[in-house]
Amino acid sequence: MQNIKLNNGLEIPQLGLGVWKADNGQEAINAVHWALEAGYRHVDTASIYKNEEAVGRALKTASVPRKDVWLTTKIWNDDVRAGRTTTALDEALVRLKTDYIDLLLIHWPVDGYLAAWREMERALTAGKVRAIGVSNFMEEHLTDIVEQGETMPAINQIEYHPYLVQSDAIGYCDTHDIGITAWSPLMQGNFKDEPLFAGIARTYGKSPAQVILRWCLQNDIIAIPKSTNQGRIQENADIFDFELSEEHMIAIDELERGQRFGPDPLDFDF
Ligand code: NDP
């Protein structure tokens, strides 16, 4: 596993398992266990995924110690709006059966995010979280946090894949040394419709999904592909033994077309 050093000095594994849509039972437990067996040391959940209990159970019963796994969760919009970030974090800690979170994110930039950020800064001081960050924050939201907060976000987790690289948000984050995590790196499965990936994949004896994840890694992006299938969980981790050529990196870069598979952070209603 390869790590990326964050602006707070911590190292985050560059590949993680996303568990959105995994059910709060054996499905999520198996996915986390298979991922740890395949070498993943990073799991990405959120309170809105309603599977923190299963993720917590999986980590408790895993052969890998809790301290060796990077655990990310997120504060949901209703909690941010209601000013109950600290309470929501305490509830998440109980569900996850742990006494600390490695990375706590504000899930979306909804009203109240600055007050939520201050609560998260207090949680950092209290040792309930090791790092704090944001998700789906565009430049205007990041500026508020950077100018009015005391702690620089460690991470901004945004939609990122070959059809959507969000260069404005990434440029801002690069300037402020904020790491980027790609959500939906596999385009929610829609990569199968793009023939370029299969063509490049054949050159390396790899799969299209592995090519896309490798492209993320070589762009210094943290990727959290979701799968609940053991074979695909293993496949998505088998990306550290090859390197895409500059020509192939550029060919994938050229696919960018501003296409989202998820909501737009500047226009959403939840
Ligand atoms: P992904 O881009 O990771 O795609 C997941 C889909 O691709 C699933 O249908 C999965 O099916 C399929 N898949 C996975 N691996 C392969 C493979 N090797 N070959 C073929 N198909 C494959 O989508 P997500 O939207 O789930 O994003 C990943 C994670 O990002 C989420 O789980 C979540 O943790 C996070 N996220 C965060 C958001 C935020 O607002 N911060 C928003 C959305 C996601 P199967 O399971 O059957 O393998």
TODO: Filter the GluC sites (Glu not before Pro) in the stretch 77-158 down to the DSSP loop ones having no more than 16 other Cβ atoms within 10 Å, then list what survives.
DONE: E150
Task: Packing rank of 72-81, 184-193, where each peptide gets the mean count of other beta carbons within 10 Å, highest leading - done: 72-81, 184-193
Open item on the list: Checking a compactness column here: for the chain, what do you get for Rg(Cα) / (2.2 N^0.38 Å), N being the number of residues?
Closed with: 0.96
Task: Nitroxide proxy distance, nm - points 7 Å out along Cα→Cβ at R81 and T143 - done: 2.5 nm
Task: Alpha carbon centroid spacing (whole Å) that separates the stretch 118-191 from the stretch 36-60 - done: 20 Å
Open item on the list: Given contacts defined as C-alpha pairs under 8 Å and at least six residues apart, what's the relative contact order of the chain, whole-number percent?
Closed with: 19 percent
Task: Built amide H within the under 5 Å cut-off of S135, gap 5+ - done: I106, Q157
Task: Range of Cα positions in the stretch 169-220 per principal axis (Å), largest first - done: 38, 21, 12
Task: Cα convex hull of the stretch 1-99 - mean projected area over all directions, nm² - done: 6.5 nm²
TODO: Mind pulling the angle between the C-alpha long axis of helix 113-126 and the longest principal axis of the chain? Nearest 10 degrees, somewhere in 0 to 90.
DONE: 80 degrees
Task: Residues I224, I48, sorted so that the one with the fewest Cβ neighbours within 10 Å comes first - done: I48, I224
TODO: Fewest Cβ neighbours within 10 Å first, please rank V146, V94, V55 accordingly.
DONE: V94, V146, V55
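FYI, it's all coordinate maths here, none of it is from the lab. Note that the structure is a prediction, hence the values are computed from the model and not measured. Counting neighbours? That spans all protein chains shown, and the Cβs are built from the backbone with ideal geometry, glycine included.
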